[in-house]
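I have placed the structure first, in the form of structure tokens, so that the comments after it can refer back to it.
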Amino acid sequence: HYIVTGDASIIANWMLIIWTKITGKKLIMWTHGIHQKFYKKRTIIVYKLFYRSADVLLMYSSYNLKYMEDLGCKTQKIRYIHNSLDTKVQSSIFKNIKKSNIYNNYFKNDAPVVIYIGRLQKRKRIEQLIEAVVLLKNKNVNVNLVLVGDNMDADFLRTLVKSKRLEQTTWFFGASYDETQNSELLYNASVCVCPAAIGLTAIHSLSYGCPIISNDNIETQMPECECIVEGVTGSFFKEDNVEDLATKIQHWCAFSTSQRERTRIEARKLITQEWSIDYQIETLKNILE
């Protein structure tokens with residue numbers, strides 16, 4: 001068996017297609033699959049030839065299935081491999097984690113905490129999160145905001161926070177590569193919000209039982225957005241609708257202790273069953289047997 005990335009622009013992949021056909025070996029492509037923006041291009045014939053040559057297609061999520069079927073890829077060839085972080089380490093940390101006063105000590109209040117963790121990039125539309133917090137503040141719904149990540153576009157966000165007079169309730173935590181520290185930040189937050197292209201942030205947050213919110217435009221989302229089970233592990237808000245985002249944040253921040261615990265249980269169940277290293281290994285073993 002040969003396992004390759006499902007990238008049609010890599011010449012070596014085309015060479016392996018020819019090689020496997022000659023030798024009778026099996027070719028497995030690990031891929032996002034084709035997306036709508038590619039589907040309309042003239043190169044569609046290239047994608048048809050490329051993906052249909054695989055014996056198995058390992059897809060990150062089920063969203064692009066309709067496009068792959070339109071290409072002529074047989075459904076029985078497709079398996080969902082999903083994605084994962086270091087499940088073993090995170091599960092070990094989760095077993096011993098407890099509530100802490102990290103946010104009470106920093107903010108000197110007991111308001112709910114909304115967290116973002118990941119790169120502070122403009123494409124993540126974090127400014128929408130800040131605007132949503134402002135809307136809540138204007139409604140006398142107070143929340144604290146924690147931004148965990150490197151400073152790629154942090155200057156823009158700092159300026160926005162200052163202009164909105166949110167300095168006292170916003171914590172630019174900075175980059176954190178300490179998983180024990182990250183676990184404490186996520187476990188003690190009420191909800192994690194990534195307004196766009198949520199990616200691995202979804203898996204990271206749910207691994208510690210923290211629900212997630214992102215936008216509902218699946219065409220522009222990363223495959224990990226499928227971790228969001230509406231009302232169970234998080235919510236989708238209407239893309240670019242800050243008022244709807246504020247409503248979703250308020251909903252999750254109002255959870256009781258028992259509701260929050262149920263969310264943790266559902267989040268962990270989803271991660272361990274479908275978005276973990278163990279799940280990926282079992283998927284590969286079933287294919288390679």
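The values are calculated or read from the model by the stated rules, or taken from the named source; none is laboratory data. Fair warning: this is a prediction, and the values are worked out from it, not measured in the lab. As a convention, Cβ positions derive from the backbone with ideal geometry for all residues, glycine included, and neighbour counts pool all protein chains shown. For accessibility, only protein heavy atoms count, side chains too; no ligands or nucleic acids. Shrake-Rupley method; radii C 1.70, N 1.55, O 1.52, S 1.80 Å.
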Interchain or long-range residues, amide H under 5 Å from Phe237's placed H: Ser214, Asn215, Asp216
Counting Lys and Arg as +1 and Asp and Glu as -1, what is the net charge of the other residues whose Cβ lies under 14 Å from the Cβ of Ser183? +2
Round to a whole number: what % of the accessible area of the range 61-180 belongs to carbon and sulfur, probe 1.4 Å? 47
Give me the 1.4 Å probe accessible area per residue for the chain, excluding ligands and nucleic acids, in Å². 51
Could you pull out every residue, at least 5 positions away or on a different chain, whose amide H is within less than 5 Å of the one on Trp171? Hs are placed 1.01 Å off N in the peptide plane, and Pro or chain starts have none. Leu145, Val146, Leu147
Computed on Cα atoms, Rg of the range 90-186 relative to 2.2 N^0.38 Å comes out at 1.11
With the cut-off at 21 Å, tell me which of the pairs Lys88/Lys124; Lys66/Lys285; Lys139/Lys162; Lys124/Lys269 have Cα atoms farther apart than that. Lys88/Lys124; Lys66/Lys285; Lys124/Lys269
Just the number, please: percent antiparallel of the DSSP beta bridges in the range 126-264, rounded to the nearest 5. 0
Under 18 Å between alpha carbons, and skipping anything fewer than 8 positions from Lys99 in its own chain: which lysines qualify? Lys108
Write out the trypsin sites (Lys or Arg not before Pro) in the range 158-260 meeting two conditions: DSSP loop, and at most 12 other Cβ atoms within 10 Å of their Cβ. Arg165
In the range 174-216, which chymotrypsin sites (Phe, Trp or Tyr not before Pro) are in a loop and have at most 15 other Cβ atoms within 10 Å, using DSSP for the loop call? Tyr177
Taking only Cα atoms and a 10 Å spring cutoff, compute GNM fluctuations for the chain and point out the largest among Asp216, Asp240, Asp178. Asp178
Placed amide H near Tyr80: partners under 5 Å, 5+ positions off or other chain: Met59
Do any trypsin sites (Lys or Arg not before Pro) in the range 1-84 lie in a loop, going by DSSP, with at most 15 other beta-carbon atoms within 10 Å of their beta carbon, and if so which? Lys25, Lys26, Lys40, Lys41, Arg42, Lys74
In nm, to one decimal, how far is the Val232 label point from the Asp70 one, both placed 7 Å along Cα→Cβ? 2.8
Residue-normalised 222 nm signal for the chain, counting each DSSP H run of n ≥ 4 as -39,500 (n - 2.57), nearest 500 deg cm²/dmol, is -13000 deg cm²/dmol
Taking the chain as a Gaussian network, where each spring joins two C-alpha atoms under 10 Å apart, which residue of Ile126, Ile249, Ile11 fluctuates the most? Ile11
